[in-house]
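None of the figures in this text is laboratory data; all of them are computed from the coordinates on show. Computed from a predicted structure; not experimentally measured. Backbone-built Cβ (ideal geometry, glycine too); neighbour counts: all protein chains shown.
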Amino acid sequence: MQSTPLTVVREDAPNPACVPAFGWSGSIVSVVAGRVFGEIVRDVFDGGTVTHEARMQILDHDTGVRFADVQTDDVQVWRDVAAVATFLADELAAIRHPDHKR
């Protein structure tokens, strides 16, 4: 059994110089494998500071504790979690280190 194929959607983010007064926050990459969803969020703060973070969730799985408690006996979900987590790690590495190969 393998991971579900990844579906990836990339979005353009504004140039930090274009949003100096208000800032901006949004998803720049979204990835889905089965019921597992992940995204890279870019935050542009006033003053031009830019940060990135990754988020991941299992759709239809809400324990009230985000990102800390996952219980499932579905082997496919675990494979999909691993695939999405690996993809997000590679994306963050490429953002932080442009010479990193995806």
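Across the chain, where is the longest run that never hits chymotrypsin sites (Phe, Trp or Tyr not before Pro) in a DSSP loop with at most 10 other C-beta atoms within 10 Å? Display every interim value, and only then the final one.
Working: sites that count: PHE22, PHE67.
So the longest stretch without any such site is 23-66.
How would you rank ASP90, ASP73, going from fewest to most other Cβ atoms within 10 Å of each one's own Cβ? Spell out each step's value before the answer.
On the way: ASP90 13, ASP73 6.
With the sparsest Cβ surroundings first, the list reads ASP73, ASP90.
Report, in debye and to the nearest 20, how large the dipole of the stretch 7-96 comes out about its Cα centre when Lys and Arg carry +1 and Asp and Glu carry -1 on their Cβ. Kindly include the intermediate steps, with their values, before the conclusion.
Details: 7 positive and 14 negative charges, 40 e Å.
Rounded to the nearest 20 debye, it is 200 debye.
What translational D, rounded to a whole number of µm²/s, comes out for the chain from Stokes-Einstein when the hydrodynamic radius is the Kirkwood one over Cα pairs, at 25 °C and 0.890 mPa s?
Working: Rh = 14.9 Å.
The diffusion coefficient I find is 165 µm²/s.
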